[in-house]
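Written out below as structure tokens is the structure these notes cover.
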Amino acid sequence: MSVAVTMPQLGEAVAEATIDHWLKKVGDSVRRFEPLLEVLTEKVNTEIPSPYSGVLTEIVTPEGTTVRVGETIARFEVTEVSETPREPKVEPAGLFPSETPVAVVPGPSQLTADLPALSPAVRRLAADYGIDPRALRGTGQGGRVTRHDVIRAANAHRHTGATSDAVDDREVVAPTALRRAIAERMVESIRTIPHAWMMVEADVTGLVRLRQGVKADFVRREGFDLTYFPFFVKAVIEGLRQQPTLNASWTEQGIVRWHRINLGVAVAADEGLLVPVLRAADGMSVAGIARAVHELASRARSGDLTPEDMREGTFTVNNTGALGSIVSMPIINPPQSGIITMETIAARPTVVGEGIAIRHLVNLSFSFDHRIADGLVAGRFMQVVRSVMTSYQPGDPVY
């Protein structure tokens with residue numbers, strides 16, 4: 001019996017996806033639930049299982065094509081039909097350790113079927129790069145080796161391997177589907193949103209002392225470090241409470257102001273930036289925010305983010321200071337109205353009263369949609385954020 005395979009519903013609000021890799025070719029026999037293809041949606045790579053057992057007779061939609069949910073992508077000559085396909089696995093770009101062991105092999109013949117933890121896509125990628133996945137430290141769930149582990153290992157080998165006598169001063173690298181999606185998103189943002197930018201400086205000496213006093217107890221209670229970022233998120237939430245105009249989106253129907261505050265939290269990855277969403281953040285304490293952000297980062301590392309985790313953000317916060325940045329101009333994540341980032345906290349001499357003292361200072365950089373807000377609203381928002389950041393003092397509660 002010949003049947004069509006359609007793009008499945010990958011999440012409640014997911015309307016389309018881009019085909020990244022076909023894991024099978026025409027003529028291949030495929031078992032039900034066996035991975036059939038990988039798709040990209042909202043920067044998350046998702047492995048789609050086959051709903052049928054049979055033979056793949058036609059690939060209707062080629063790699064790199066974006067299709068809507070329900071559209072036909074392939075055809076099968078089936079021997080068995082599944083009414084309840086296994087839920088797709090999600091393999092986002094995650095956070096990686098600073099070093100990745102790498103072993104180079106002669107070719108794909110050594111990548112045998114004795115690696116049940118590997119997906120077919122990872123096997124194929126390892127073979128293409130000449131990487132033995134058995135020598136890699138997996139960052140996926142349960143230590144599973146992901147496609148990003150293989151890419152990282154290949155890049156490490158390329159930069160540390162022997163060089164030839166021939167001189168070639170350029171390299172053309174085909175962008176991954178994730179990199180292409182990010183590029184398209186950023187071009188869309190710059191093309192459609194009139195960006196305005198503002199920066200303020202805040203004296204966070206009290207915050208530094210507060211964190212210093214509670215961080216040891218926090219680690220004992222929670223099992224992970226308390227950073228400055230949750231305090232910054234708390235300040236941004238208060239700024240949005242007092243200036244709700246910025247918790248909004250520009251649409252053809254008008255400006256949509258969101259009653260909820262769902263903060264997109266930028267998470268850096270080797271292939272690009274992921275922005276999972278911290279929902280109902282306005283009801284959390286500093287410790288609650290810290291736990292939620294830690295959980296999002298951990299889920300990114302283990303490959304447990306879903307397309308829904310990337311949806312419904314109303315405003316974005318970033319921490320470029322973790323990378324040593326002192327000033328930046330972030331790009332807005334459409335259709336949101338703004339993105340704010342905390343730069344590096346540094347001890348610097350500054351004027352205090354009529355004297356000079358060493359204080360801990362930080363720059364806060366803000367990009368906003370000039371269609372939605374003018375400098376007055378943006379300035380008031382930044383005043384609130386700075387006021388909260390400078391008000392933290394030793395002894396303040398974090399729970």
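Where a number appears in this text, it was derived from the coordinates with a stated rule and is not lab data. Computed from a prediction, not measured in an experiment: that's the story for all the values here. Cβ coordinates were reconstructed from backbone atoms using ideal geometry, including for glycine residues, and neighbour counts include every protein chain displayed.
Want the number for Gln212 to Val172: 0.36 nm per residue separation, take away the alpha-carbon distance, what's left?
Length difference between fully extended and current span is 9.7 nm.
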Q: Would you mind pulling out the separation of the Cα centroids of the stretch 263-335 and the stretch 362-399, in Å?
A: 18 Å
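Roughly how big is the stretch 189-262's charge dipole about its Cα centre, with Cβ charges of +1 (Lys, Arg) and -1 (Asp, Glu), in debye to the nearest 20?
On the way: 10 positive and 7 negative charges, 39 e Å.
Once rounded to the nearest 20, the dipole reads 180 debye.
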**Q.** Sum of side-chain charges, Ser285 neighbourhood, beta-carbon under 10 Å (Lys, Arg +1; Asp, Glu -1)
**A.** +2
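Just how large is the dipole of the stretch 180-391 about the Cα centre, in debye to the nearest 20, putting +1 at every Lys and Arg Cβ and -1 at every Asp and Glu Cβ? Mind dumping the intermediate values first?
Values: 22 positive and 21 negative charges, 82 e Å.
That gives the stretch 180-391 a dipole magnitude of about 400 debye.
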Q) Counting Lys +1, Arg +1, Asp -1, Glu -1, what net charge surrounds Thr350 among other residues with beta carbon under 11 Å of its beta carbon? A) 0
Q.
Order 209-219, 242-252 from most to least packed using the mean count of other Cβ atoms within 10 Å.
A. 242-252, 209-219
Q: Convert each backbone phi in the stretch 249-257 into a coupling constant with the Karplus relation 6.51 cos²θ - 1.76 cosθ + 1.60 (shift: θ = phi - 60°), then list the ³J(HN,Hα) values in order as whole Hz, x for Gly and Pro.
A: 9, 8, 10, 5, 7, x, 7, 8, 9
Q: Under 1.5 on a/c is rounded, so check that first for the stretch 180-391, then, if it is not, pick prolate when a/b is larger than b/c and oblate when it is not; a ≥ b ≥ c are the square roots of the alpha carbon gyration tensor eigenvalues.
A: oblate
**Q.** Simple label model, 7 Å out from Cα along Cβ direction - Ala357 to Arg260, nm
**A.** 4.3 nm
Q: Rank these for me by crowding, Ile332, Ile255, Ile356, going from fewest to most other beta carbons within 10 Å.
A: Ile356, Ile255, Ile332
Q) So how much slack lies between Gln393 and Thr79, counting 0.36 nm per residue of separation and subtracting their Cα-Cα distance, in nm? A) 106.2 nm
